[in-house]
Amino acid sequence: MQFQQLAYFVAVARTRHFTRAAELSRVAQPSLSKQIRSLERELGAPLFSRARGNITLTPAGEALLPLAQRILTDLETAKREVAELAGVRRGRVRLGATPSLCAGLLADVLADFHQRFPGIELHVEESGSRDLIRNLGRGELDLALIILPLHSSDPDFSTTPILRENLVVASSATRPSPNRRASIRITELQGRPLVMFRRGYDVREATIRACRAAGFEPRLAVEGGEMDAVLRFVEAGLGLAVVPSMVLRNRPGLRGTPLSRPRLLRTVALARRKDVEPSHAADAFRRHLNDYLLAMSPEDLGPDLEVLLTSVGTPPRPDDRPTLS
């Protein structure tokens, strides 16, 4: 039994006409009839009744039809999936990500992706959201993990919110907690030495904005650091820092104290250009990232991280508000 024979059988069953089925199958009618007769001999039963020019299914044909349709559907699905895998067996993904994401979640996602698609080259650019959007617009990146809201007014960017995260106050684990309580208010940072990121970090702007909204200017002990430097300065006891919760994972020298209401939240989104069709490799990474996030358990996420995807490739729920506030 051959797949082509089943395809010819299904075509005749649908059209109830050998000549019309041959035309739809783009094969000569004698060849189609020969293949049908061969299939009938192999099965040991006629599949069609050809009385007086009317083509109808025999009981054997009625029994075979749903099975043949299922086999052909499975074959098409297999062909499509193999073609997709073949398309991403080689390639390159140029991914931009903010420093907090590089220091937190991204390493595990990339390791998992590389294990599944070892032939795809990964190029990662670490920078602030504004720089990443600029480079995405220039065609220097395929995808970018950024913080919303988007500061560019360019309508050619598509952004899919994927994570919402609480910002926390980081302090040295070797020293007393900032206020010896389970949470801390933004007003309690007044007069406390803060370690501040360099300009261009979204979390820097959010921290300064929150302090001013609370009626005070932040007191900066150290200013201008990158992510790793800020965390190391805090660990050394130079001051406190408002940071994304995920960067404190695997950092036993640091303590994270949640901010009490009003909380500081940030939304992470995957951005791409609307006017450029993503490569097979880039689309494979997008799907892999979604799968990875959706598979994370509540224990993996912790209390300060929430996945906004409801299913692979879908936008966030209607009540999600992609703002940093």
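The values are calculated or read from the model by the stated rules, or taken from the named source; none is laboratory data. All values reported here derive from a predicted model rather than from experimental measurement. With ideal geometry, Cβ positions are generated from the backbone for all residues, glycine too; neighbour counts draw on all protein chains shown. When the accessible area is computed, the model is the full protein with side chains, heavy atoms only, and any ligands, DNA or RNA have been set aside. Shrake-Rupley method; radii C 1.70, N 1.55, O 1.52, S 1.80 Å.
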- Message: Regarding the range 136-159, can at least one residue be identified that is β-branched (V, I, T) and either in a loop (DSSP other than H, G, I, E, B) or farther than 28 Å from M296 by Cβ (or both)?
- Response: no
- Query: Restricting the first residue to the range 285-312 and requiring it to be among the polar types (S, T, N, Q), which pairs with a second residue that is surrounded by fewer than 16 Cβ atoms within 10 Å (Cβ to Cβ) meet a Cβ separation below 9 Å and a spacing of at least six or different chains?
  - Reply: N290/S311; N290/V312; N290/G313; N290/T314; T310/L294; T310/R317; S311/L294
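Working carefully through the options H288, H280, find the one that is under 22 Å from L95 (Cα atoms) and more than 9 Å from the chain's Cα centre (by Cα).
Values: H288 fails: more than 9 Å from the chain's Cα centre (by Cα).
Checking each option against the conditions leaves just H280.
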- Limited to the range 5-51, what total is found for residues that are open to solvent by 80 Å² or more (accessible area, probe 1.4 Å), closer than 16 Å to G61 by Cα and in a helix (DSSP H, G or I)? 4
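Check whether at least one residue in the range 269-278 is hydrophobic (A, V, I, L, M, F, W, C) and farther than 21 Å from E140 by Cβ, and report yes or no. Step through it out loud before you land on a result.
Applying the first criterion (hydrophobic (A, V, I, L, M, F, W, C)) to the range 269-278 yields 269-271, 276.
Remaining after also requiring farther than 21 Å from E140 by Cβ: none.
Taking every residue of the range 269-278 in turn, none turns out to be hydrophobic (A, V, I, L, M, F, W, C) and farther than 21 Å from E140 by Cβ.
Given the structure, is S158 open to solvent by 20 Å² or more (accessible area, probe 1.4 Å) and either under 30 Å from N135 (Cα atoms) or among the small types (G, A, S) (or both)?
Details: open to solvent by 20 Å² or more (accessible area, probe 1.4 Å): yes; either under 30 Å from N135 (Cα atoms) or among the small types (G, A, S) (or both): yes.
Yes.
Looking at the range 7-21, can you tell me whether even one residue there is of a type in the set (S, T, N, Q) and touching a helix residue (DSSP H, G or I) at 6+ places or on another chain (Cβ under 6 Å)? First the steps, then the outcome.
First, the residues of the range 7-21 that are of a type in the set (S, T, N, Q): 15, 19.
Narrowing the set further to residues that are touching a helix residue (DSSP H, G or I) at 6+ places or on another chain (Cβ under 6 Å) leaves 15, 19.
Taking every residue of the range 7-21 in turn, at least one turns out to be of a type in the set (S, T, N, Q) and touching a helix residue (DSSP H, G or I) at 6+ places or on another chain (Cβ under 6 Å).
Would you confirm whether any residue within the range 200-210 is outside any helix (DSSP H, G or I) and under 23 Å from S127 (Cβ atoms)? Working first, answer last.
Residues of the range 200-210 outside any helix (DSSP H, G or I): 200-201.
After this cut, where a residue has to be under 23 Å from S127 (Cβ atoms) as well, the list is 200-201.
Yes, the range 200-210 contains a residue that is outside any helix (DSSP H, G or I) and under 23 Å from S127 (Cβ atoms).
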- Which is modelled with pLDDT of 90 or more and closer than 30 Å to R92 by Cα, of A221, A295, A269? A269
- Answer from A229, A221, A271 - the residue that is in a strand (DSSP E or B) and surrounded by fewer than 19 Cβ atoms within 10 Å (Cβ to Cβ): A221
- Query: If you check every pair at least six apart or on different chains, which have Cβ atoms under 8 Å apart with a residue in the range 101-124 that is more than 20 Å from V203 (Cα to Cα) and open to solvent by less than 50 Å² (accessible area, probe 1.4 Å) first and a residue that is in a strand (DSSP E or B) and modelled with pLDDT of 90 or more second?
  - Reply: L110/L122; L110/V124; F113/L122; I120/V93
- For the range 52-69, name all the residues that are surrounded by 12 or more Cβ atoms within 10 Å (Cβ to Cβ) and either free of Cβ contacts under 8 Å to residues at least 12 places away in the same chain or among the hydrophobic types (A, V, I, L, M, F, W, C) (or both). I55, L57, A60, E62, A63, L64, L65, A68
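Test S279 against the criterion of being among the polar types (S, T, N, Q) and more than 22 Å from P149 (Cα to Cα), and give yes or no.
Numbers: among the polar types (S, T, N, Q): yes; more than 22 Å from P149 (Cα to Cα): yes.
Answer is yes for this residue.
When residues of the range 85-108 are filtered for being closer than 19 Å to S279 by Cα and either among the aliphatic types (A, V, I, L, M) or outside any helix (DSSP H, G or I) (or both), how many remain?
Filtering the range 85-108 for residues closer than 19 Å to S279 by Cα gives 85-97.
Now restrict to residues that are either among the aliphatic types (A, V, I, L, M) or outside any helix (DSSP H, G or I) (or both): 85-86, 88-97.
Residues in the range 85-108 being closer than 19 Å to S279 by Cα and either among the aliphatic types (A, V, I, L, M) or outside any helix (DSSP H, G or I) (or both): 12 in total.
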